Amino acid sequence: MSATDSPPATSIPKLSREQIEAYWLPYTGNRQFKDDPRIVVQADGCYYTDDKGRKVFDGLSGLWTCGAGHNRAEINEAVSKQLKQLDFAPSFQYGHPLAFELANKIVEVMPEGLDHVFFTNSGSESTDTATKIARGYWRQRGRPEKTRIIGRIKGYHGASWGAISFGGVGANRKLWGQGMESDHLPHTMLKENTFTRGMPGHGAYLADDLEELVALHDASNIAAVIVEPLAGSAGVIPPPEGYLPRLRKICDKHNILLIFDEVITAFGRMGAWTGSDAFGAVPDIIGTAKQLTNGIIPMGAVIVKGEIYGAFMDAGGPDYAIELPHGYTYSGHPVACAAALATLDILHKDKLIERVAEMAPVFEEALHSLRGSNRYILDIRNYGLAGALTIEHVPGEPALRPFQIAMKCWEKGFYVRYGGDTIQLGLPFIVSREEIDAVINVLGESIDELT
Ligand SMILES: Cc1ncc(COP(=O)(O)O)c(C=O)c1O
């Protein structure tokens, strides 16, 4: 499970204010950042090294991406070998062996029946692809009026037009005006579930709100429902027990496709290969990205049921005609495929899915030990190696305290995520018990230091 040794980043010159001005950082307070930049120059195992030479524990596995740890020799070697063999291949009208091999390997770990894979380069593209396939499917089945996509409040599906339309994080929507035709289920964060360990007991009934939306729009106009099995970016919200199976049932009743956005939950973080497996509900389409290549090369994959693929193949027209006029220049990029195959191999060989399941209770115990330790901690949630705290907010400034906490952690050598009124952790699958204790202690200390 060891990472390769990498040379120390001793000769990285410090960037001046002028040098950092041109880069417009995504989802970042650029003015604050440029006054006080946080720059990493190297990564190995569970740690970054910053430009001051400090080791910083990676409490979010990159951006929920690098569960197997940074700088994995097997992935690095696969990538470098692939670069020398086939650096690029057109994905439109031509193929290369690794894309077929990877599609088969992905299908092996997906829920039964999800057996065709469309490659993308990111989670946002997976959202767009999944929802386009859903709408196209109904058209191919002679139901072109089924176009509306139902998301969920607090859902995050990426930054594309489709993703922000179906997503339910207000802050990500308010600047842009009208998006795509959508509507939203209520979120599942209930007061009576605060401080629940794992899946909360209350809230399965919230799936019934889909019946209300069906009554409003009529199922004849709804193509699909898209939800994250566990809402990640809004602050690690595990589904209430029974909620996802109930949603599945209502979708079936009304002929609505169910899409799981598994960009965070697929490939191990839940202690299972998918959130679908972890939470006991099988969707029609799964969108993935992030952990697929252990974060080292952008890649996503959308996996669909055979019947959905079949609807496009059976639609008629000559064999040479394009069935799905959709795709990306870099879909199934050979170097990304090499990284993904090596990643899947590591997940199997090192039994990292089992390891997440084994470490999840240790993490749960440590994270929940913060309960009652500080009055600002309003809630703690966790599942697998994902966890979050809700922090009582300063009136009018929901994100201030989490930002302050994350900055204190950073100063102490720990990277954690702040988002809205939450602090989020997505620990590497290779994390040790000592590292879990260390990150939780530092988090607790940093919250205690708030004035
Ligand atoms: C559940 C989910 N879907 C989609 C995305 C978007 O992924 P990307 O940033 O790769 O477009 C994210 C990113 O955090 C995510 O968490």
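The values are calculated or read from the model by the stated rules, or taken from the named source; none is laboratory data. Just so it is clear, the structure is predicted and the values come from calculations on it, not from any experiment. FYI the Cβ positions are ideal-geometry reconstructions off the backbone, even for glycines, and counts take in every protein chain you see.
Observations on the structure shown:
- Segment 238-275, subset surrounded by fewer than 24 Cβ atoms within 10 Å (Cβ to Cβ) and within 15 Å of the chain's Cα centre (by Cα), residue farthest from GLY201 (Cα to Cα): TRP273
- Within segment 136-177, tally of residues that are touching a residue at least 24 places away in the same chain (Cβ under 8 Å), among the basic types (Lys, Arg) and surrounded by fewer than 18 Cβ atoms within 10 Å (Cβ to Cβ): 2
- Some residue of segment 13-30 being of a type in the set (D, E, K, R) and within 27 Å of the chain's Cα centre (by Cα): no
- Taken over segment 134-158, the criterion of being away from the ligand (no atom under 16 Å from the Cβ), part of a helix (DSSP H, G or I) and in contact with a strand residue (DSSP E or B) (Cβ under 8 Å, 6 or more places away or on another chain) is satisfied by ARG135, TYR137, TRP138.
- Residue that is surrounded by the fewest Cβ atoms within 10 Å (Cβ to Cβ) [pool: residues in segment 376-398 that are over 18 Å from GLU435 (Cβ atoms) and touching a Phe, Trp or Tyr at 6+ places or on another chain (Cβ under 7 Å)]: GLU392
- Across segment 219-232, a minimum of one residue is classified as under 23 Å from TYR309 (Cβ atoms), part of a loop (DSSP other than H, G, I, E, B), without any contact (Cβ under 8 Å) to a residue 60 or more places away in the chain and in contact with a strand residue (DSSP E or B) (Cβ under 7 Å, 6 or more places away or on another chain).
- Here GLY384, GLY396, GLY413, GLY420 are screened, and the one residue that is at positive phi and without any contact (Cβ under 8 Å) to a residue 24 or more places away in the chain is GLY396.
- Selected residue [in contact (Cβ under 8 Å) with a residue 12 or more places away in the chain and either aliphatic (A, V, I, L, M) or closer than 30 Å to ASP277 by Cα (or both)] from ASN121, ASN104: ASN121
Every residue, every condition in (1) away from the ligand (no atom under 16 Å from the Cβ); (2) at positive phi, yes or no:
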residue	(1), (2)
SER165	no, no
GLY168	no, no
ASN172	no, no
ASP183	yes, no
THR196	yes, no
MET199	yes, no
ASP209	yes, no
SER220	yes, no
GLY235	no, yes
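- Only listed residue being within 16 Å of the ligand (Cβ to nearest atom) and small (Gly, Ala, Ser), chosen from ALA130, ALA103: ALA130
- Listed here are the helices (runs of 4 or more DSSP H) enclosed by segment 291-368 that have at least 1 residues being under 17 Å from VAL109 (Cα atoms), at pLDDT below 95 and not hydroxyl-bearing (Ser, Thr, Tyr), and there are none.
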